[in-house]
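Q: Okay, here's the structure, questions in a sec.
The numbers here are math on the coordinates, done by the rules we state, and not lab data. What you are looking at is a predicted structure, and each value in this text was computed from that prediction instead of being measured. Methodologically, a virtual Cβ is constructed for each residue, glycine included, from the backbone with ideal geometry; neighbour enumeration extends over all protein chains shown.
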Amino acid sequence: MTILITGASGAIGRQVVQHLVDRGAAVRALVRDPSKVAFPAGVEVVQGDLLDVQATRRALAGVSTLFLLNGVVPDEFTQALVTLNLAREAGIARVVYLSVIHSDKYLNVPHFAGKFGVERMLEQMGFGATILRPAYFMQNDLTVKDVVLGHGVYPMPVGGKGLAMIDTRDIAQIAAIELLRRDASQPLPLQRINLVGPDTLTGDDVAGLWSAASGRPIAYGGDDTAAFEKSLLNFMPGWMAYDMRLMSERFLSEGMIPEAGDVERLTALLGRPLRSYRDFASEVCAAA
């Protein structure tokens with residue numbers, strides 16, 4: 001039984017590969033450039049991407065379970081649809097898909113709407129799938145740590161409703177657990193799992209955690225989503241900056257709130273407490 005990991009060279013994909021190898025699974029990784037990533041011994045590598053139909057066919061051949069992870073790119077939805085059609089062609093029935101929490105609510109946000117479309121395709125095509133729906137990644141804030149620690153401002157407009165931020169290390173471990181569970185059985189019914197952290201945090205809450213971790217006052221930068229979009233244009237294309245602005249506006253209006261029992265369910269699945277933002281901020285400050 002072989003598990004195929006797409007997005008295997010990314011921050012989450014690499015961790016999923018490592019968890020699976022540590023548990024003795026047969027792993028195949030689909031990557032654009034094998035020379036840029038080192039995998040553990042025994043991992044089979046296929047070069048290509050999800051728009052390369054022939055490479056994806058090769059990667060899917062003989063696979064029992066698929067981990068589908070798409071980056072936020074303009075053709076994300078097309079990549080997923082092509083891959084799932086090819087997976088069905090290859091006889092694969094077991095899938096773990098990395099979606100996003102509230103994909104069915106934030107439908108004006110392009111990458112949320114695309115992921116919800118993929119969820120619907122998984123349902124309508126009859127895959128036995130686990131749909132993982134993570135909230136905001138704590139590690140997103142590594143991109144602003146220099147602003148936080150150098151200027152005393154937490155600049156992400158996360159608002160006052162609260163986000164149930166999750167550590168990507170927990171996401172990867174849960175994904176590996178679900179892949180092994182799916183791979184070891186006959187196709188199971190489709191299910192969705194919200195991936196959340198132990199705390200639902202507002203912008204002021206996050207600034208307070210950075211203050212405690214750094215030993216200096218850190219202020220919340222406020223809810224100006226237009227300024228946020230403008231700052232993102234310094235290092236990402238306009239379409240993506242606008243997508244992020246739309247997402248942040250939904251943070252302000254709705255937040256990312258877990259459902260009853262989400263934290264307890266994930267804690268039981270992991271067999272340990274979820275990693276907290278307090279610990280994340282402390283690790284960043286200790287390494288600075």
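Q: Tell me, what HN-Hα J-couplings in whole Hz come from the Karplus equation 6.51 cos²θ - 1.76 cosθ + 1.60 at θ = phi - 60° for each residue of the stretch 137-148, using x for Gly and Pro?
A: Result, rounded to whole Hz: 6, 4, 5, 4, 7, 5, 5, 10, 4, 5, 5, 4.
Q: In addition: Roughly what % antiparallel, to the nearest 5, for the DSSP beta bridges in the chain?
A: On the way: 1 of 30 bridges.
Roughly 5 percent of the beta bridges in the chain run antiparallel, per DSSP.
Q: Starting at the first residue of the stretch 157-173, write each ³J(HN,Hα) from the Karplus equation 6.51 cos²θ - 1.76 cosθ + 1.60 with θ = phi - 60°, in whole Hz, x for Gly and Pro.
A: x, 8, x, x, 7, x, 10, 8, 4, 10, 6, 5, 5, 6, 4, 5, 5
Q: Applying the Karplus parametrisation 6.51 cos²θ - 1.76 cosθ + 1.60 with θ = phi - 60° to the phi angles of the stretch 175-185, what ³J(HN,Hα) value in whole Hz is obtained for each residue in order, glycine and proline being reported as x?
A: 4, 5, 4, 5, 4, 5, 5, 5, 5, 8, 9
Q: Hey, can you grab everything whose amide H is under 5 Å from the amide H of Val45? Only 5+ residues off in sequence or another chain; H modelled, so Pro and N-termini drop out.
A: Result for Val45 returns Ala29.
Q: Among Asn234, Asn70, Asn85, which one shows the biggest mean-square fluctuation in a GNM of the chain, springs joining Cα atoms closer than 10 Å?
A: Judging by the Gaussian network model, the answer is Asn234.
Q: When only Cα pairs under 8 Å and 6 or more residues apart are kept, what is the percent relative contact order across the chain? Provide the component values of the computation, followed by the final result.
A: Working: 535 pairs, mean separation 51.6, N = 288.
Relative contact order comes out at 18 percent.
Q: Give the long-range amide H neighbours of Asn194: residues separated by 5 or more places, or on another chain, with amide H under 5 Å away, using H modelled in the peptide plane at 1.01 Å from N.
A: Arg133
Q: Turning to a different aspect of this structure: Under the rule a/c < 1.5 gives rounded, and otherwise a/b versus b/c splits prolate from oblate, where does the stretch 139-245 land using the Cα gyration tensor? Mind showing how you got there, number by number?
A: On the way: a/c = 2.55, a/b = 1.76, b/c = 1.45.
Prolate is the answer for the stretch 139-245, as a/c is 1.5 or above and a/b outweighs b/c.
Q: Something else now. For Tyr220, Tyr154, what's the fewest-to-most ordering of other Cβ within 10 Å of each Cβ?
A: Working: Tyr220 21, Tyr154 27.
The fewest-first ordering by Cβ neighbours comes to Tyr220, Tyr154.
Q: While we're here: How large is the helix-only mean residue ellipticity at 222 nm for the chain, computed as the sum of -39500 (n - 2.57) over DSSP H runs with n ≥ 4, divided by its residue count, in deg cm²/dmol to the nearest 500? Can you show the working numbers first?
A: On the way: 11 runs with 128 residues, N = 288.
Theoretical 222 nm ellipticity from helices: -13500 deg cm²/dmol.
Q: Taking the chain as the reference, fit the longest principal axis to its C-alpha atoms, fit the long axis of helix 238-253 to the helix C-alpha atoms, and give the angle between the two in degrees, 0 to 90, nearest 10.
A: 70
Q: Please list, ordered by chain and number, the residues whose modelled amide H lies under 5 Å from the amide H of Ala8; skip anything fewer than 5 residues away on the same chain.
A: Amide H to amide H, under 5 Å and 5 or more residues apart or across chains, Ala8 pairs with Leu30.
Q: Fewest first, what order do Val43, Val72, Val96 take by the number of other Cβ atoms within 10 Å? Intermediate values should be presented prior to the final figure.
A: Values: Val43 19, Val72 16, Val96 27.
Final ranking by Cβ density, sparse to dense: Val72, Val43, Val96.
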